[in-house]
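The values are calculated or read from the model by the stated rules, or taken from the named source; none is laboratory data. In this text, all values refer to a predicted model and were calculated from it rather than measured experimentally. Positions of Cβ are generated from backbone atoms using ideal geometry, with glycine treated the same way; all protein chains shown enter the neighbour counts. Accessible surface areas use protein heavy atoms only, side chains included; no ligands, DNA or RNA. Shrake-Rupley method; radii C 1.70, N 1.55, O 1.52, S 1.80 Å.
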Amino acid sequence: MSASPAQLDRLAYRRHQTLLSVLVAAASTLVLGVLLVVAVTGAPGWDRVRESFLDPAVARESLPDVLRGLWLNIRLLFFCAIGALTLGLVIALLRTLRGPVFFPVRLLATGYTYTFRGLPLIIVLYVMTLGLPGLRLQGMPSTLVLGGTALVITYSGYLAEVFRAGIESVHPSQLAAARSLGLTYRQTMRFVVLPQAVRRVAPPLLNDTVALQKDVGLVSLAGPIDAVRAAQIHTAETFNYTPYIVAGVLFVLLAAPLIAVTDWVTLRAARRQS
Amino acid sequence: MTVLSCHGVRKVFGDQVVLDGLDLDVSEHEVVALIGASGSGKSTLLRCVNLLEELDDGTIHLDGEHITDPRVDPDKVRQRIGIVFQAYNLFPHMTVLENVTLAPVRVHGVPRTAARAQALEWLGRVGLADKAYAYPDRLSGGQQQRVAIVRALVNSPRLLLLDEVTSALDPELVGEVLSMIRDLKSDGVTMVLATHEMGFARQVADRVCFLDGGRVLEQGPPEQVFAEPAEARTRQFLSRIIEAGRL
């Protein structure tokens, strides 16, 4: 069956409109780009800024050290993300337990989320990396492990609340359906509530992981050299800020895939809702 | 043989008395329809029987066992009772087959392959074999409700509770669910159903109970309750239903 003249006309009109909007977008992007370049490079101090922030020689020289530092960031991110997600989920589950036996557990879990969401990360870091070793106990782990633990403690407080929001967003009728089939509370959580809850809060969970990626570098306050700290050391030697730009670009590149995944998951979740 | 026996059941929400000393006995293979105005406690009674609500007084026995004794494990009781809800309550993150096999595998310890075969057989019987691997949101309301009924039935419950199972359905989808319930009756499944479908209650029920003021005000065979109601409240209720064109 062939389309009616009216439908053909509609299709032709839409094609024309699409072409037009692509051309307009290209033109406006070009104009804005040229304006930005002219404004920045035409500024009176542009040459001095270029020398101290965008020196190719300095960039090349600092790159190996900054990369070494970034490797530390990546390793820390990997283990801290797993640790914080796991601990966060456990705390969220403890907060949802009902019954008088679990009162102290609930109280502890609630206190935990209140305390570590309120306490600045840097203070937790100092207490863990400088305070704890001061006790001179046997078998004290390395500064890196202690710093990582501080990150896990702080971030699990946030992630626990995200998980809890997800758990509470599952409609009570789902619980009723599961319990009426004879599933226990634990089975209901595991097979019915959590799968739905985690899917729903995946975007904010990943969002917090992106934030964690930038905060893992703070362990350098206690000694270990991450990418930003490596850049700082180079800058202190040369009085040239290019290493910071190098580190910054690497951080953005590292975050890009994680952010892309977050966007994709969010989009998929939105599609599912409709 | 008496499967279900409710005695003096009382349930209060805040200062609203929903069930006020209700008595009800259901024999094996019997189909009992609960009718009554919205808020007369039909759904609440079903939820109490399934221990989803706690009683404020009275007792409920299932096969002679006192199930509202607080020392009884409610999970064990619910394994013997199936319930189907007005809004289906299928698990949206599971396929139809996963919905149906969850309880047999996790609760009743049926091997996975056996549970799948049994589920597929049931789905075939109700004409949903081709939907086994679909997610609930791809199904029509009538199909979802039939899956929900199958999900309850695969566990071979002693008692099946149906809570307004057609109230959320488009009129043209009501028939397929009702004909499924009619088949269950001929299979001898013991059922208690809360319903607004008077025509259906008349066809399928062995006994109709009219709930009013938190009690069974009047009960009997459908032809008696619908044709010559003894109580004024029942007559009033039925005449309103007739006015609305639902009988």
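Provide the solvent-accessible area of B:ARG182, counting protein heavy atoms only and rolling a 1.4 Å probe, rounded to the nearest 10 Å².
100
If one takes the accessible area of chain B alone plus chain A alone and subtracts that of the pair, with a 1.4 Å probe, what total in Å², rounded to the nearest 100, results?
Details: alone 11460 and 17240 Å², together 27050 Å².
Using a 1.4 Å probe, the pair buries roughly 1700 Å².
By DSSP, what percent of the beta bridges with both residues in the protein assembly as shown are antiparallel, rounded to the nearest 5?
In the protein assembly as shown, DSSP labels about 55 percent of beta bridges as antiparallel.
Averaged across B:99-107, how many Cβ atoms of other chains sit within 10 Å of each residue's Cβ atom?
Details: counts 2, 0, 0, 7, 7, 1, 1, 9, 6.
The shielding value for this peptide is 4.
Among B:PRO74, B:PHE210, B:ALA230, which residue has its Cα furthest toward the positive end of the charge dipole of chain B, with +1 on Lys/Arg Cβ and -1 on Asp/Glu Cβ?
Looking along the dipole axis, the top candidate is B:PRO74.
Evaluate peptide B:149-156: per residue, the Cβ atoms of other protein chains within 10 Å of its Cβ; return the mean as an integer. Intermediate values should be presented prior to the final figure.
Details: counts 0, 0, 3, 3, 0, 1, 2, 0.
So the per-residue partner count for this stretch is 1.
Most mobile of A:SER28, A:SER169, A:SER62 per a Gaussian network model of chain A (Cα springs, under 10 Å)?
A:SER28
Taking θ = phi - 60°, what integer Hz values does the Karplus form 6.51 cos²θ - 1.76 cosθ + 1.60 yield along region B:159-176, in sequence order, with x for Gly and Pro?
8, 10, 9, 10, 9, 6, 5, 10, 5, 8, 9, 5, x, 6, 9, 4, x, 5
Any lysines with Cα under 27 Å of the B:LYS76 Cα? List them, leaving off those in the same chain fewer than 8 positions away.
B:LYS11, B:LYS42, B:LYS185
For B:VAL84, what residues show an amide H to amide H distance below 5 Å, using hydrogens built from the backbone and excluding near sequence neighbours?
HN-HN under 5 Å from B:VAL84: B:LEU161, B:LEU162, B:ASP163.
When the accessible area of each residue in region A:166-206 is compared between its chain alone and the complete protein assembly (1.4 Å probe; ligands, DNA and RNA ignored), which residues differ by at least 40 Å², being lower in the assembly?
Residues meeting the cut-off: A:GLN174, A:ALA176, A:ALA177, A:ARG179, A:SER180, A:LEU181, A:GLY182, A:LEU183, A:PHE191, A:GLN196.
Do you know the relative contact order of chain A, to the nearest whole percent, from alpha carbon pairs under 8 angstrom that are 6+ apart? If you can, show how the numbers build up before the last one.
On the way: 246 pairs, mean separation 76.6, N = 274.
It rounds to 28 percent for chain A.
Once the protein assembly as shown is represented by equal point scatterers at the alpha-carbon sites, with solvent omitted, what log10 I(q)/I(0) does the Debye formula produce at q = 0.12 Å⁻¹?
Result of the Debye calculation: -1.12.
Just want to confirm a number: the relative contact order over region B:95-165, from Cα pairs under 8 angstrom separated by 6+ residues, in percent. Can you show the working numbers first?
On the way: 59 pairs, mean separation 28.6, N = 71.
Relative contact order here is 40 percent.
With only Lys, Arg, Asp and Glu charged, each at its Cβ (+1 for the first two, -1 for the last two), find how big the charge dipole of region B:2-243 is about the Cα centre; round to the nearest 20 debye.
Values: 25 positive and 34 negative charges, 149 e Å.
Around 720 debye, computed over region B:2-243.
Starting from the Kirkwood radius over alpha-carbon pairs of region A:72-223, derive D by Stokes-Einstein at 20 °C in a medium of 1.002 mPa s and give it in µm² s⁻¹.
128
Determine the shape class of chain A: with a ≥ b ≥ c the square roots of the Cα gyration tensor eigenvalues, call it rounded for a/c under 1.5, and otherwise prolate if a/b is greater than b/c, oblate otherwise.
Values: a/c = 3.29, a/b = 1.07, b/c = 3.08.
Because a/c hits 1.5 or more and a/b fails to exceed b/c, chain A counts as oblate.
Is the shape of region B:1-132 best called rounded, prolate or oblate, per the rule: a/c under 1.5 gives rounded, else a/b larger than b/c gives prolate, else oblate, with a ≥ b ≥ c the square roots of the Cα gyration tensor eigenvalues? Walk me through the numbers on the way to the answer.
Numbers: a/c = 2.11, a/b = 1.81, b/c = 1.17.
Prolate.
Report, by chain and number, residues whose modeled amide H sits under 5 Å from the one on B:ARG207, excluding near sequence neighbours (fewer than 5 apart, same chain).
Result for B:ARG207 returns B:VAL31, B:ALA33.
Please work out the C-alpha center-to-center distance from region A:1-29 to region B:152-181 and express it in whole Å.
Comparing the Cα centres of region A:1-29 and region B:152-181, I get a distance of 50 Å.
Just add up the charged neighbours of A:VAL219: K/R +1, D/E -1, any other residue whose Cβ is under 15 Å from the Cβ of A:VAL219.
Values: positive: A:ARG68, A:ARG75, A:LYS214, A:ARG229; negative: A:ASP215, A:ASP226.
Here the count lands on +2.
Using the eigenvalues of the Cα gyration tensor, what equivalent ellipsoid semi-axes result for region B:2-243 when each is taken as the square root of five times the eigenvalue, whole Å, largest first?
30, 22, 15
Give a residue-ordered list of calculated ³J(HN,Hα) values for region B:134-144 (Karplus: 6.51 cos²θ - 1.76 cosθ + 1.60, θ = phi - 60°; whole Hz; x for Gly, Pro).
Once rounded to whole Hz, the list reads 8, 8, x, 5, 8, 9, 6, x, x, 5, 4.
Any idea what diffusion coefficient region A:196-274 gets from Stokes-Einstein, in µm²/s, Kirkwood Rh on alpha carbon pairs, 25 °C, 0.890 mPa s? Could you put the intermediate results ahead of the total?
On the way: Rh = 14.5 Å.
Once the numbers are plugged in, D ends up at 169 µm²/s.
For the Cα atoms of chain B, what angle does the longest principal axis make with the long axis of helix B:232-243, in degrees from 0 to 90, nearest 10?
Once rounded, the angle reads 60 degrees.
So how do B:100-108, A:136-144 stack up, highest first, on mean other-Cβ count within 10 Å?
On the way: B:100-108: 21.2, A:136-144: 10.4.
Packing proxy ranking, top to bottom: B:100-108, A:136-144.
In whole Å, how far is the Cα centre of region A:103-119 from that of region B:48-72?
Taking the Cα centre of region B:48-72 as reference, the centre of region A:103-119 is 37 Å away.
Connecting C-alpha atoms closer than 10 Å in a GNM of chain A, tell me which of A:VAL170, A:VAL40, A:VAL193 has the biggest fluctuation.
A:VAL40
Send over a whole-number figure in Å² for the accessible area per residue of the protein assembly as shown, probe 1.4 Å. Walk me through the numbers on the way to the answer.
On the way: 27050 Å² over 521 residues.
Result: 52 Å² per residue.
Partner chain Cβ atoms within 10 Å, averaged over the residues of B:89-96 - can you pull that number for me? The partial results should precede the final answer.
Working: counts 9, 2, 9, 8, 9, 4, 0, 0.
Whole-number average of other-chain Cβ neighbours for B:89-96 is 5.
Rounded to the nearest percent, how much of the accessible area of region B:2-243 (1.4 Å probe, protein heavy atoms only) is carbon and sulfur? Show your work: numbers first, answer last.
Numbers: 4640 of 10180 Å².
Percent of accessible area from carbon and sulfur atoms in region B:2-243: 46.
With every protein chain left in place, what is the accessible area of B:ASP137 in Å² (1.4 Å probe, nearest 10)?
Only protein atoms counted, so the area is about 110 Å².
Could you give each residue of region B:103-117 its phi-based ³J(HN,Hα) in whole Hz, using Karplus coefficients 6.51, -1.76, 1.60 with θ = phi - 60°, and x for Gly or Pro?
5, x, 6, 7, 9, 9, x, 6, x, 4, 5, 5, 5, 5, 4
Just how much of B:GLU197 is accessible, in Å², when a 1.4 Å probe is used and the result is rounded to the nearest 10?
Surface accessible to solvent at B:GLU197 totals approximately 50 Å².
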